[in-house]
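Asks: Encoded as structure tokens, here's the structure I'll be asking about.
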Amino acid sequence: MSTWDRFMQAIEGGNPAEALRISEQELPPEQKPVAQTVLTEAKKKRKPRIEIAAVMAAVERDDGTGFCITCGEEQGGCEPDARRVECDSCGEKKVYGAEELLFRIA
Ligand SMILES: [Zn+2]
């Protein structure tokens with residue numbers, strides 16, 4: 001299987017972290033720009049999977065973790081009651097602080 005195939009398999013298998021690793025470490029330079037686009041598109045399409053347990057853990061840690069409700073990424077440096085902060089990952093203003101989000105999804 002080619003590196004590109006493994007990259008696509010990671011994307012389709014819902015494993016963007018692995019896909020990102022392959023794109024950064026293994027893909028030849030000429031394939032990287034395409035890989036970047038595929039990754040960005042995959043991120044947009046992926047349904048955010050924010051688990052209540054993860055949000056509750058963040059509330060308990062009280063370490064300023066926020067969650068993006070568009071892409072599901074966690075983001076540091078968020079006030080617990082933050083709302084509509086810009087997401088570093090997808091660029092949408094959909095990051096909510098852990099406590100704020102807990103009110104909304106619990
Ligand atoms: Zn996001």
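Asks: Condition first: touching a residue at least 24 places away in the same chain (Cβ under 8 Å), farther than 25 Å from THR37 by Cα and either crowded, with 19+ Cβ neighbours inside 10 Å or not acidic (Asp, Glu) (or both). Can you find one or more residues in region 84-97 that meet it?
Replies: yes
Asks: Identify the single condition in (1) within 24 Å of ILE22 (Cβ to Cβ); (2) in contact with a Ser or Thr (Cβ under 6 Å, 6 or more places away or on another chain) that ALA98 does not satisfy, given that it satisfies every other one.
Replies: That leaves (1) as the condition not met.
Asks: Going by the structure shown, is GLU73 within 12 Å of the chain's Cα centre (by Cα), within 16 Å of the ligand (Cβ to nearest atom), charged (D, E, K, R) and open to solvent by 60 Å² or more (accessible area, probe 1.4 Å)?
Replies: Yes, satisfied.
Asks: For the subset of region 23-51 comprising residues that are over 20 Å from CYS71 (Cβ atoms) and assigned to a helix (DSSP H, G or I), which member is least open to solvent (accessible area, probe 1.4 Å)?
Replies: The qualifying residue least open to solvent (accessible area, probe 1.4 Å) is GLN31.
Asks: Still on this structure: Restricting attention to region 1-36, report how many residues are in contact with a Pro (Cβ under 8 Å, 6 or more places away or on another chain) and among the charged types (D, E, K, R).
Replies: Of the residues in that region, 0 qualify.
The values are calculated or read from the model by the stated rules, or taken from the named source; none is laboratory data. Keep in mind it's a predicted model, so treat the numbers as computed, not measured. Note: ideal-geometry Cβ built from the backbone for every residue, glycine included; neighbour counts use all protein chains shown. Calculation scope for accessible area: heavy atoms of the full protein, side chains included, ligands and nucleic acids excluded. Shrake-Rupley method; radii C 1.70, N 1.55, O 1.52, S 1.80 Å.
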